[in-house]
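**Q** Please find one structure pasted underneath; my questions will follow.
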């Protein structure tokens, strides 16, 4: 997104917490130092981030500032200035409060829910607009918080099709070359259908299937739980775990896989989301086994790149894996439709255009900003 905005002739400053020690970004940015200790992390972010914002706001004199839901308070006290010549937007990619997993909310869960409400209301009454990742999430916020639709914009996830492209080749090889390989990368957690998928593997003793998982658990031991669960079921040999790795190494592993799997639970949190990994699989021509819910239907429509399942029950997942395995020689042809969808709708250039068009509309309504 940063590079695409620059390509459009827009001068951009990006602020990032901490240091990019692995040089993944390879772009200039404002460093916000934080102390990586519980409770001090967010405190030092708010203090140091606010000081960094003040310095850059006064020197850079931006036309637009885009906050996230944690840095939204940096807009104080500028948001209240009657002659402010700058658009303030909050970009809240996805909900930070997972309603579906808070049936017995802890004190922290209640605090996160209250914080979300306060931040949304602050944005509604004092800032200029909000952007989110899906139309579904936009409609939810408008309905629940009374936002005007013209103050809500949508820009989705995107893909760098130079890095994720169906025409690429790879020399990477799995140790089990004769296996039917399913892949999912990203965070390993309880709410991504992974345990249900492992349960499904036990129902397929006659199929040489391997599940390749790339990523780690965040603030939990879910990865170890999943590994132990697979051992109890006797399917540990069907799993390959790879640690979190640099962005540019992911395409090689996706390409050597036969099929992607995202057997997510059908809950509001995922319908308010648009997982970037979905687009990466599509851009590399992979058929995706995924739950038949809004977030996947909105992207994949009725294309052959989708193998929809009605729920993420293990038996349902197992039937879908069997179907893809039996049609494994057709998957390459089916997957080409996914790349065409990404090329037409989900490049970062397309998303940058969506964001800038929304900003222009806000500027026109305010009648004071020239980009």
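Since every read-out is calculated from the coordinates, none of them should be taken as a lab result. Keep in mind it's a predicted model, so treat the numbers as computed, not measured. So basically every Cβ, Gly included, is an ideal-geometry build from the backbone, and we count neighbours across all protein chains shown.
**Q** Is one or more of the residues making up segment 298-321 surrounded by fewer than 19 Cβ atoms within 10 Å (Cβ to Cβ) and under 30 Å from residue 6 (Cβ atoms)?
**A** Checked against the condition, which is being surrounded by fewer than 19 Cβ atoms within 10 Å (Cβ to Cβ) and under 30 Å from residue 6 (Cβ atoms), segment 298-321 yields at least one hit.
**Q** Return the pairs, sorted by first residue and then second, in which the second residue is surrounded by fewer than 14 Cβ atoms within 10 Å (Cβ to Cβ), the first residue lies in segment 314-338 and is farther than 21 Å from residue 167 by Cβ, the beta carbons are less than 8 Å apart, and the residues are 6+ apart or on different chains.
**A** 316/310
**Q** I've got another one for you. Report yes if residue 26 is on the phi < 0 side of the Ramachandran plot and loosely packed, with under 14 Cβ neighbours inside 10 Å, otherwise no.
**A** Values: on the phi < 0 side of the Ramachandran plot: no; loosely packed, with under 14 Cβ neighbours inside 10 Å: yes.
No, not satisfied.
**Q** Give segment 273-289 a look and list any residue that's crowded, with 24+ Cβ neighbours inside 10 Å and in a loop (DSSP other than H, G, I, E, B), or say none.
**A** 274, 284, 285, 286, 287
**Q** Can you pull out every residue in segment 176-207 that is more than 29 Å from the chain's Cα centre (by Cα) and closer than 16 Å to residue 234 by Cα?
**A** 202, 203, 204, 205, 206, 207
**Q** What number of residues in segment 141-159 are touching a helix residue (DSSP H, G or I) at 6+ places or on another chain (Cβ under 9 Å) and surrounded by fewer than 17 Cβ atoms within 10 Å (Cβ to Cβ)?
**A** Taking segment 141-159 first, the residues touching a helix residue (DSSP H, G or I) at 6+ places or on another chain (Cβ under 9 Å) are 141-142, 144-159.
Still in the running and surrounded by fewer than 17 Cβ atoms within 10 Å (Cβ to Cβ): 142, 144-146, 148-150.
Residues in segment 141-159 being touching a helix residue (DSSP H, G or I) at 6+ places or on another chain (Cβ under 9 Å) and surrounded by fewer than 17 Cβ atoms within 10 Å (Cβ to Cβ): 7 in total.
**Q** Of the conditions (1) buried (at least 19 other Cβ atoms within 10 Å of the Cβ); (2) over 22 Å from residue 135 (Cα atoms); (3) touching a residue at least 60 places away in the same chain (Cβ under 8 Å), residue 352 satisfies every one except a single condition; which number is it?
**A** (2)
**Q** Here is a check on your reading of the model: is residue 77 over 22 Å from residue 157 (Cβ atoms) and touching a helix residue (DSSP H, G or I) at 6+ places or on another chain (Cβ under 6 Å)?
**A** Working: over 22 Å from residue 157 (Cβ atoms): yes; touching a helix residue (DSSP H, G or I) at 6+ places or on another chain (Cβ under 6 Å): no.
No.
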